[in-house]
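The values are calculated or read from the model by the stated rules, or taken from the named source; none is laboratory data. These numbers were taken from a predicted model, which means no experiment stands behind them. Virtual Cβ from ideal backbone geometry, glycine too; neighbours counted across all protein chains shown.
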Amino acid sequence: MSRSGKRVDVTRIKYQAEFKVIEKLKQEGYKITYLCEALGVSRSAYYKWLKREPSPSQLRLEWLMEQIQEVYDNYNGIYGYRRITIYLNYSRLSI
């Protein structure tokens with residue numbers, strides 16, 4: 001378990017990393033069949049991963065990351081995580 005008390009799915013993280021590698025190498029001209037075979041994942045799993053819909057929690061996380069990056073950029077990288085958190089909470093953005 002992680003410090004937050006939530007269980008970390010290591011297998012899912014491993015597959016996501018492999019699928020991202022396949023995606024990157026595919027753009028360089030390698031065939032998906034060979035890449036999947038080399039990494040030991042099925043092509044169908046890769047294609048399912050490509051067509052996945054982002055979960056609501058993932059969409060919220062991406063939105064929050066954009067907000068954090070915007071505050072960080074607006075203050076030229078001076079604000080750390082504590083000040084950014086205070087800023088976002090003060091701005092009525094529930095984080």
**Residue under evaluation Glu23, criteria (1) without any contact (Cβ under 8 Å) to a residue 24 or more places away in the chain; (2) part of a helix (DSSP H, G or I), criterion not met** = (1)
**Hits in the stretch 26-49 - residues which are exposed (fewer than 12 other Cβ atoms within 10 Å of the Cβ) and at negative phi** = Gln27, Glu28, Lys31, Thr33, Tyr34, Ser42, Ser44, Lys48
**Request:** Considering every residue within the stretch 33-55, establish whether at least one is hydroxyl-bearing (Ser, Thr, Tyr) and at pLDDT below 90.
**Result:** yes
**Prompt:** Of the numbered conditions (1) surrounded by 12 or more Cβ atoms within 10 Å (Cβ to Cβ); (2) at pLDDT 90 or above, Tyr15 satisfies every one except a single condition; which is it?
**Reply:** (2)
**Asked** Any idea which residue in the stretch 50-95 is surrounded by the fewest Cβ atoms within 10 Å (Cβ to Cβ), counting only those that are assigned to a helix (DSSP H, G or I) and of a type in the set (D, E, K, R)?
**Response** Arg82
